[in-house]
Amino acid sequence: MTREEKFMLEAVKLAGKGVMANEGGPFGCVIVKGDEIVGRGNNRVLTDNDPTSHAEVVAIRDACARLGTYQLDDCEIYASCEPCPMCLGAIYWARPKVVYYAGTKDDAAKSGFDDSFIYREIELPREQRKIPFLKIQLSDALAPFRVWDEKSDKKEY
């Protein structure tokens with residue numbers, strides 16, 4: 001068994017464990033730095049009553065807390081299934097060096113976890129989306145951006 005297969009097996013085990021505990025869908029994730037698992041997560045949507053408690057997000061939060069950082073640039077992500085659009089966004093913000101996955105989004109769709117509608121919604125103009133996105137014009141809405149732009153001691157990320 002390769003190093004990568006060993007870590008992927010851990011992610012798959014987490015997915016199965018979460019399903020058996022009725023915590024959420026069949027998804028697991030581990031984050032590895034060097035040869036050590038620094039973050040673990042399984043889907044906890046049902047347990048946490050939180051639609052963002054996907055395995056990858058849970059694992060990213062765990063790894064960042066353990067490592068004391070908001071970026072995982074020296075880390076690898078092992079996801080039991082190809083990440084959904086939300087997790088994909090979280091992964092890009094975390095900036096790992098690589099993502100490995102086992103199942104595909106098509107495999108997930110066959111079990112009722114079809115996120116293709118989200119990809120379609122993203123491509124639509126805001127006014128055509130199923131959930132309305134309505135802009136409210138406020139005179140000071142951009143004030144926090146001006147403060148950020150002028151802040152001399154900000155930490156860029």
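The values are calculated or read from the model by the stated rules, or taken from the named source; none is laboratory data. Bear in mind the structure is a predicted one, so any value in this text is a computation, not a measurement. In this analysis, Cβ positions are derived from the backbone assuming ideal geometry, glycine residues included, and neighbour counts consider all displayed protein chains. All accessible areas refer to the heavy atoms of the entire protein, side chains included, with ligands and DNA or RNA removed. Shrake-Rupley method; radii C 1.70, N 1.55, O 1.52, S 1.80 Å.
When the dipole is taken about the Cα centre of the stretch 1-65, and only Lys, Arg (+1) and Asp, Glu (-1) are charged at their Cβ, what size is it in debye, to the nearest 20?
80 debye
Could you pull out every residue, at least 5 positions away or on a different chain, whose amide H is within less than 5 Å of the one on Arg95? Hs are placed 1.01 Å off N in the peptide plane, and Pro or chain starts have none.
Correct list: Leu72.
Can you tally the net charge around Trp148? Count Lys and Arg as +1, Asp and Glu as -1, for every other residue whose Cβ sits under 15 Å from the Cβ of Trp148.
Spelling it out: positives minus negatives among the neighbours equals -1.
For n ≥ 4 DSSP H runs only, could you compute -39500 (n - 2.57) per run for the chain, divide by its residues and tell me the 222 nm figure to the nearest 500?
-12500 deg cm²/dmol
Once the chain is represented by equal point scatterers at the alpha-carbon sites, with solvent omitted, what log10 I(q)/I(0) does the Debye formula produce at q = 0.12, 0.18, 0.21 Å⁻¹?
-0.63, -1.08, -1.26
Measure nothing but the geometry: give the 0 to 90° angle between the long axis through the Cα atoms of 85-94 and the longest principal axis through the Cα atoms of the chain, rounded to 10°.
80 degrees
For a 26 Å ceiling on Cα separation, which of these pairs sit above it: Lys33/Lys151; Lys105/Lys130; Lys97/Lys135; Lys17/Lys110?
From the list (Lys33/Lys151; Lys105/Lys130; Lys97/Lys135; Lys17/Lys110), the Cα-Cα distance tops 26 Å for Lys33/Lys151; Lys97/Lys135.
Apply 1/(1 + (r/R0)^6) to the Cβ-Cβ distance of Arg3 and Leu88, taking R0 = 35 Å, and write down the FRET efficiency to the nearest 0.05.
E(calc), rounded to 0.05, equals 0.90.
Need the C-alpha centroid separation for the stretch 1-77 versus the stretch 120-148, integer Å.
Measuring centre to centre over Cα atoms gives 31 Å.
With +1 on the Cβ of every Lys and Arg and -1 on the Cβ of every Asp and Glu, and nothing else charged, how large is the dipole of the stretch 5-138 about its Cα centre, in debye rounded to the nearest 20?
Computed about the Cα centre, the dipole is about 280 debye.
Of all the accessible heavy-atom surface of the stretch 80-157, with the other protein chains kept in place and a 1.4 Å probe, what percent is carbon and sulfur?
Carbon and sulfur: 58 percent of the exposed surface of the stretch 80-157.
Using each residue's phi in the stretch 97-106, evaluate 6.51 cos²θ - 1.76 cosθ + 1.60 at θ = phi - 60° and report the 3J(HN,Hα) Karplus result to the nearest Hz, with x for Gly and Pro.
In residue order, the calculated couplings are 7, 6, 10, 10, 9, 9, x, 9, 4, 5 Hz.
Which whole-number percent gives the relative contact order of the chain, counting Cα pairs below 8 Å spaced six or more residues apart?
Taking the mean separation of contacting Cα pairs over the length of the chain, I get 16 percent.
Could you tell me what percent of the DSSP beta bridges with both partners in the stretch 16-139 are antiparallel, to the nearest 5?
Beta bridges within the stretch 16-139, antiparallel portion: roughly 70 percent.
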